[in-house]
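Student: Mind having a look at this structure? Questions to follow.
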Amino acid sequence: MNAAEILRVTGEHVVIVLISVVAAIVIGIPLGIWCTRNGAASHVVLRAVDVVQTVPSLALFGLLIPIPLIGGIGARTAIVALVLYSLLPIVRNTFTGIRGVDPAVREAGVALGLTPRQLLFDVELPLAMPTIMSGVRIAVVAGIGIATIAAAIGGGGLGTFIFRGVAMVDTNLILAGAIPAALLAFFADLVLTYVERRLIR
Amino acid sequence: MELRDVGVGGILRNVSLRIAAGESVALIGRSGAGKTTMLRLMNGIVAATSGSVLIDDVPLAKSDLIALRRRIGMIIQGSGLFPHRTVYENIATVPRLLGWDDAKTRDAARALLSKMALPFDEFKDRRPRSLSGGEQQRVGIARAMIANPPLMLCDEPFGALDPIVRRELQDTFIALRSDATIVFVTHDLAEALRVAERIVLVDRGAIAVDCAARDFVASTHPIARQFVESATLAA
């Protein structure tokens, strides 16, 4: 283990988390919007993303392995699990953010003759954006932590060091995985909190 | 504009009201009487559960509501300004939807705001949250009026204004929109008498009195009497 190797594995870690959160944004925001438009859907979807969150992460990684196409050993399975975890804060915050738009503001938009699409993109989403960003931040920070477990199923990333360190009772190796992961989470939180504040203005 | 035997859930029942083009009508009544619901029926924000709403003799159910609403100015209680948009962007909403060019929109906004005692250059880039309640309300009025809609629906438009500005704006409003059809919700009889030619008293979801403004003070309906008496006391 040397600095170059730590850097490479940290890069791997960042890539896994980035792909997962981007996928969760692409899936989660439309799901959250759909929930605000359809009461029945909101019950099912919000409950489902809640339930996923209650599955212990190591178990979720393990449960995905035997599933064809998305399962197996490696980074792909890890990404699928991380996407599932990241959905909850993103779907829920999209839902809450849009629901939180002042009814008088929404009514004004309708009364002025905005189409449903214009109302969504020009009024509801911009006003919900700080809340949605906050969900993304939670997904990223939690994802950085959970992704260390991905190494258990051969997903790569900083967990590789941690698992190897635990097996070999090598504290230095554990720290080589844990410290970069903690730093990543810390700085991601800092940067995304800043973005969130800027959105609130 | 016509409401033909309209009911809305438990809020309104058997409401029939015909408003001629160019007429100005005040809907008055106590809180919760159904005035605002009646107003929202007229641009389809609330749907009738029975009866029908017609504008220019076309039922709302058969019209293009989006296009129709761009020709109806609605002033919402508490302004409903877009908090993420500047004063100018708020006012430019309908002109942009209608495809006006920037110069025309800007000139109209400038003229309208100055009539509302809000200097354009001082206010155009400000956001609603930095305005007082009365200023927000005036921007809301300007946003509803800028495209000269032939029908104006107003829900307590002057509620947050101090009495002096309120009176000035009532006069400005009447002068600006003398040609439009105006439906005006208020619980202030003095305001109703000032703005409207005709007064409709709404009570518990039905029309209790419908008469020319000048005849209202002589109405014998008990709630009409209450309005007249409390207005006399306040004067």
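The values are calculated or read from the model by the stated rules, or taken from the named source; none is laboratory data. Computed from a prediction, not measured in an experiment: that's the story for all the values here. Reconstructed Cβ throughout: ideal geometry from the backbone, glycine too, with neighbour counts over all protein chains shown. Heavy atoms of the whole protein, side chains included, go into the accessibility calculation; ligands, DNA and RNA do not. Shrake-Rupley method; radii C 1.70, N 1.55, O 1.52, S 1.80 Å.
Student: When the residues of the range B:78-93 are filtered to those that are farther than 15 Å from A:Leu127 by Cα and at pLDDT below 95, which remaining residue is surrounded by the most Cβ atoms within 10 Å (Cβ to Cβ)?
Tutor: Once the filter is applied, the top-ranked residue is B:Ser79.
Student: Restricting attention to the range A:9-30, does a residue exist that is open to solvent by 80 Å² or more (accessible area, probe 1.4 Å) and more than 27 Å from A:Ala181 (Cβ to Cβ)?
Tutor: no
Student: Here are some residues: A:Val141, A:Val191. Which one is closer than 20 Å to A:Ala24 by Cα, modelled with pLDDT of 95 or more and touching an Asp or Glu at 6+ places or on another chain (Cβ under 6 Å)?
Tutor: The conditions single out A:Val141.
Student: May I ask you to say which residue of A:Pro180, A:Pro116, A:Pro126 is closer than 24 Å to A:Ala24 by Cβ and within 14 Å of chain B (Cβ to nearest Cβ)?
Tutor: Checking each option against the conditions leaves just A:Pro126.
Student: Against the definition (surrounded by fewer than 21 Cβ atoms within 10 Å (Cβ to Cβ) and without any contact (Cβ under 8 Å) to a residue 60 or more places away in the chain), how does A:Leu173 come out, yes or no?
Tutor: no
Student: What residue, of A:Ala128, A:Ala150, A:Ala167, A:Ala178, is hydrophobic (A, V, I, L, M, F, W, C), touching a Ser or Thr at 6+ places or on another chain (Cβ under 9 Å) and over 19 Å from A:Gly11 (Cα atoms)?
Tutor: Of A:Ala128, A:Ala150, A:Ala167, A:Ala178, the one residue that is hydrophobic (A, V, I, L, M, F, W, C), touching a Ser or Thr at 6+ places or on another chain (Cβ under 9 Å) and over 19 Å from A:Gly11 (Cα atoms) is A:Ala128.
Student: B:Leu60 fails exactly one of the following numbered conditions: (1) within 10 Å of chain A (Cβ to nearest Cβ); (2) crowded, with 17+ Cβ neighbours inside 10 Å. What is the number of that condition?
Tutor: (1)
Student: So, one more: If we only count strands (runs of 3 or more DSSP E) wholly inside the range B:139-235, which ones have 1 or more residues that are open to solvent by 20 Å² or more (accessible area, probe 1.4 Å)?
Tutor: The strands (runs of 3 or more DSSP E) meeting that bar are B:198-203, B:206-212.
Student: What are the residues in the range B:66-98 that are among the basic types (Lys, Arg), more than 7 Å from every other protein chain (Cβ to nearest Cβ) and under 19 Å from the mean Cα position of the chain (by Cα), if any?
Tutor: Answer for the range B:66-98, where residues must be among the basic types (Lys, Arg), more than 7 Å from every other protein chain (Cβ to nearest Cβ) and under 19 Å from the mean Cα position of the chain (by Cα): just B:Arg71.
Student: Report, by residue number, each residue of the range B:115-138 that is within 17 Å of B:Thr172 (Cβ to Cβ) and assigned to a helix (DSSP H, G or I).
Tutor: B:Lys115, B:Phe120, B:Phe123, B:Gly134, B:Glu135, B:Gln136, B:Gln137, B:Arg138
Student: Let me ask you something else. Go through the range A:71-105 and give me each residue that's within 8 Å of chain B (Cβ to nearest Cβ) and either closer than 25 Å to A:Ile138 by Cα or at pLDDT 95 or above (or both).
Tutor: Once the filter is applied, which keeps residues that are within 8 Å of chain B (Cβ to nearest Cβ) and either closer than 25 Å to A:Ile138 by Cα or at pLDDT 95 or above (or both), the range A:71-105 yields A:Asp102, A:Val105.
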